[in-house]
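> Handing you this structure, nothing more for now.
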Amino acid sequence: MKPLLLAYPGNEAIGVSLAEALSAEYTLPEMRHFPDGETYVRISADVQERDVILLCSLDRPDAKFLPLIFLAETAKDLGARSVGLICPYLAYMRQDTRFKPGEGITSTYFASALGRHFDWLVTVDPHLHRHKGLPEIYTIPALAVHAGAAIAAWVRDNVPAPLIVGPDSESAQWVAEVARAAEAPYIVLEKHRHGDREVEVSAPDTRPWRGRTPVLVDDIISTAQTLIETTRRLQAAGETDIIVAGVHGLFADKAYEELCAAGVQKIVTCNTVAHMSNAIDITALLAKTVEKLMRAQKGDGG
Ligand code: R5P
């Protein structure tokens with residue numbers, strides 16, 4: 001029987017294309033709130049003895065978490081053979097150490113919470129910094145898809161002479177991959193974060209690449225302050241046509257408007273978080289990895 005892809009509300013666009021790529025049946029759960037705020041969930045599709053794939057990008061995760069767990073448990077309770085999670089954006093990866101005494105290391109708590117309810121997980125470019133890989137914190141099979149090739153393809157098709165720019169050392173991994181695949185030069189700047197919205201970025205030297213279009217590449221755009229500061233630095237260095245390419249466009253509050261107002265020419269993101277800037281489709285990359293993992297699961301399970 002075909003697997004069943006159950007798209008959490010807000011994931012419909014990528015859900016339809018993923019279901020097609022995975023030859024899965026596509027369905028939406030019934031969800032609402034009772035008047036007192038508690039969550040009601042119902043899966044009307046037949047899940048008995050089926051592999052169920054829940055699709056839910058975990059931006060703004062707190063409100064989604066409990067309903068998502070209820071859906072996973074409902075599917076199991078109704079007889080699903082397995083319940084996997086595709087979360088194109090995986091939340092809670094940044095607090096990966098105790099920066100100050102008394103803080104929680106939420107990346108590990110979140111990983112063990114998800115691991116209790118799902119059989120496997122596939123995501124796109126999780127923010128791995130101090131954790132070297134997902135298996136360090138996830139006990140269920142967990143695979144990460146890299147969006148670099150898709151971003152590079154967009155750059156190749158849309159920017160004639162790019163200069164790939166990373167705002168900080170953490171972005172170096174994406175920047176190097178995108179630059180290599182797009183056959184473009186790259187520079188990586190230094191960033192110091194003083195607060196959630198206070199960042200300082202080093203001044204770039206773009207003189208050796210005059211005439212090229214800077215393409216800022218980062219994994220997460222949250223408050224957008226990192227990319228706004230980088231844009232200002234590039235403008236001070238004489239650059240005018242600046243493009244932003246992000247993997248996950250979270251755009252907290254007015255971040256998108258503020259980044260536009262900073263004078264960037266174009267903002268593109270991958271469709272890991274539904275947003276009007278989605279221009280880079282990672283469906284095919286995701287589907288390939290999900291198929292690989294599901295095949296391995298079947299092999300393991302006999
Ligand atoms: C941090 O290390 C990440 O790679 C991003 O640079 C960061 O999350 C961006 O955050 P914001 O948009 O709030 O500056």
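> May I ask what percent, to the nearest 5, of DSSP beta bridges between residues of the stretch 1-144 are antiparallel?
Roughly 15 percent of the beta bridges in the stretch 1-144 run antiparallel, per DSSP.
> Taking Cα pairs under 8 Å and at least six residues apart, what relative contact order does the chain come out at, in percent?
Reported relative contact order: 13 percent.
> Let me ask something else. Restricting to DSSP H runs of at least four residues, report the calculated mean residue ellipticity at 222 nm for the chain, -39500 (n - 2.57) per run over all residues, nearest 500 deg cm²/dmol.
Using -39500 (n - 2.57) per qualifying helix, the result is -10000 deg cm²/dmol.
> Going by the alpha-carbon gyration tensor, a ≥ b ≥ c the square roots of its eigenvalues, is the stretch 148-280 rounded (a/c under 1.5) or, if a/c is not under 1.5, prolate (a/b greater than b/c) versus oblate?
rounded
> Just need the relative contact order of the stretch 148-280 here, percent rounded to a whole number, with Cα pairs under 8 Å and 6+ apart.
21
> Follow-up question, since we're still on this one. List the residues whose amide H sits under 5 Å from the amide H of LEU163, counting only those 5 or more places along or on another chain, with H placed 1.01 Å from N in the peptide plane.
THR213, VAL215
> Using Cα pairs under 8 angstrom and six or more residues apart, how large is the relative contact order of the stretch 208-300, in percent?
Reported as a whole number, the value is 25 percent.
> Any idea what Rg and Dmax come out to for the stretch 1-121 if you just take the C-alpha atoms, in Å?
15.2, 51
> When HIS129, HIS275, HIS248 are ordered from fewest to most other Cβ atoms inside 10 Å of their Cβ, what list results?
Neighbour counts put them in this order, fewest first: HIS129, HIS275, HIS248.
> Once the Cα atoms of helix 225-236 and of the chain are each reduced to a long axis, what angle between those two axes, in degrees from 0 to 90 to the nearest 10, is obtained?
Roughly 20 degrees, rounded to the nearest 10.
> Going out from 0 in 20 Å bins, what whole percent of all Cα-Cα distances in the chain drops into each bin?
Once binned at 20 Å, the Cα pair distances of the chain give 33, 54, 13, 0.
> Arrange LYS76, LYS132 by Cβ neighbour counts within 10 Å, fewest through most, would you?
Going from least to most buried by this count: LYS132, LYS76.
> Whole-Hz Karplus ³J(HN,Hα) for the stretch 28-44, in order, using 6.51 cos²θ - 1.76 cosθ + 1.60 and θ = phi - 60°, x for Gly and Pro?
10, x, 8, 9, 7, 10, 5, x, 8, x, 6, 9, 10, 10, 8, 10, 8
> Give the percent of DSSP beta bridges with both residues in the stretch 148-280 that are antiparallel, rounded to the nearest 5.
Counting DSSP beta bridges with both partners in the stretch 148-280, the antiparallel share is about 15 percent.
> Would you mind checking the pairs LYS191/LYS288; LYS132/LYS292; LYS64/LYS191; LYS64/LYS298; LYS64/LYS132 and listing those with alpha carbons more than 24 angstrom apart?
LYS191/LYS288; LYS64/LYS191; LYS64/LYS298; LYS64/LYS132
> Positive end of the dipole of the chain, charges at C-beta (+1 Lys, Arg; -1 Asp, Glu), about the Cα centre: which of ASN158, GLY195, TYR109 has its Cα farthest in that direction?
Final value for the positive-end residue is ASN158.
> Can you list the lysines whose alpha carbon is less than 22 Å from that of LYS266, not counting same-chain residues fewer than 8 positions off?
LYS254
> Further question: What is the fewest-to-most order of THR27, THR226 by other Cβ atoms lying within 10 Å of their Cβ?
Ordered from fewest to most neighbouring Cβ atoms within 10 Å, THR27, THR226 come out as THR27, THR226.
> Let's see if you can work this out: charge +1 on each Lys and Arg Cβ, -1 on each Asp and Glu Cβ, no other charges. What is the dipole magnitude of the stretch 148-280 about its Cα centre, in debye to the nearest 20?
Here the stretch 148-280 has a charge dipole of around 360 debye.
> Ok, one more. Between the alpha-carbon centers of the stretch 1-77 and the stretch 233-269, tell me the distance in whole angstrom.
Going from one Cα centre to the other spans 33 Å.
> Across the chain, where is the longest run that never hits GluC sites (Glu not before Pro) in a DSSP loop with at most 15 other C-beta atoms within 10 Å?
The longest uninterrupted stretch comes out as 191-302.
> Follow-up. Any idea which of VAL178, THR272, GLY238 is furthest toward the positive side of the dipole for the stretch 148-280, if Lys and Arg beta-carbons carry +1 and Asp and Glu beta-carbons -1?
Checked the options; the winner is GLY238.
> Using a Gaussian network model on the chain with a 10 Å cutoff between Cα atoms, which of VAL290, VAL41, VAL247 fluctuates the most?
Greatest mean-square fluctuation among the candidates belongs to VAL41.
> Follow-up. Spelling out what I want: for every residue of the stretch 107-113, take phi, set θ = phi - 60°, compute 6.51 cos²θ - 1.76 cosθ + 1.60 (Karplus), and round to whole Hz; glycine and proline get x.
4, 6, 5, 5, 4, 6, 5
> Based on the Cβ-Cβ distance of ASP62 and ALA237, what FRET efficiency does E = 1/(1 + (r/R0)^6) give at R0 = 45 Å, to the nearest 0.05?
0.70
> Determine the percent antiparallel among the DSSP beta bridges restricted to the chain, to the nearest 5.
Of those bridges, close to 15 percent are antiparallel.
> Would you kindly derive the ³J(HN,Hα) couplings of the stretch 84-101 from the backbone phi angles with the Karplus curve 6.51 cos²θ - 1.76 cosθ + 1.60 (θ = phi - 60°), listing them in order in whole Hz, with x for Gly and Pro?
x, 10, 9, 10, x, 10, 9, 7, 6, 9, 8, 8, 9, 7, 8, 5, 10, x
The numbers here are math on the coordinates, done by the rules we state, and not lab data. Remember, it's a predicted structure, so these values are computed and weren't measured experimentally. Please note: Cβ atoms are built from the backbone with ideal geometry, for glycine as well, and neighbour counts cover all protein chains shown.
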